[in-house]
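The values are calculated or read from the model by the stated rules, or taken from the named source; none is laboratory data. Please read all numbers here as calculations on a predicted model, not as lab measurements. Positions of Cβ are backbone-derived with ideal geometry, glycine not excepted, and every protein chain shown enters the neighbour counts.
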Amino acid sequence: MVKKKVIGGMTMRQWKISEAKARFTEVLSSCKTEPQIICNRQNPVGAVISVRLFEELMKLRNEQQKPTIAQLLSELESIKISEPSEIEIPPRKDRPNLFDRSADEMAL
């Protein structure tokens, strides 16, 4: 028995693994119109989608990829060159170092 499930506003057919194996051609044919969800004991474990939808998802994924650290540093370097500015660094103030105590003080 094939069930229907609504995910993200889309109706999708759910298949048990055994049903999907037995009716694989039907699963492939049906994925052209809507994604087919494969379930193991009521839990979704996979999806069969059309090539068109797969290509759209890959295009979207590539458009949303985050820049690498190297790309960000390169961009920062170009900003630094185009907008030169000096940052005033205040003088360092000494403060007590709690880890720099003598062995005599620690024994107390």
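Among the numbered conditions (1) at pLDDT below 85; (2) among the hydrophobic types (A, V, I, L, M, F, W, C); (3) within 19 Å of residue 11 (Cα to Cα), the only one that residue 39 does not meet is (1).
The strands (runs of 3 or more DSSP E) falling completely within segment 2-108 include none with 1 or more residues that are aromatic (Phe, Trp, Tyr) and surrounded by fewer than 10 Cβ atoms within 10 Å (Cβ to Cβ). Annotation note: Cβ proximity below 8 Å between a residue of segment 51-75 that is over 20 Å from residue 31 (Cα atoms) and a residue that is assigned to a helix (DSSP H, G or I) (sequence gap 6+ or interchain) occurs for 67/75.
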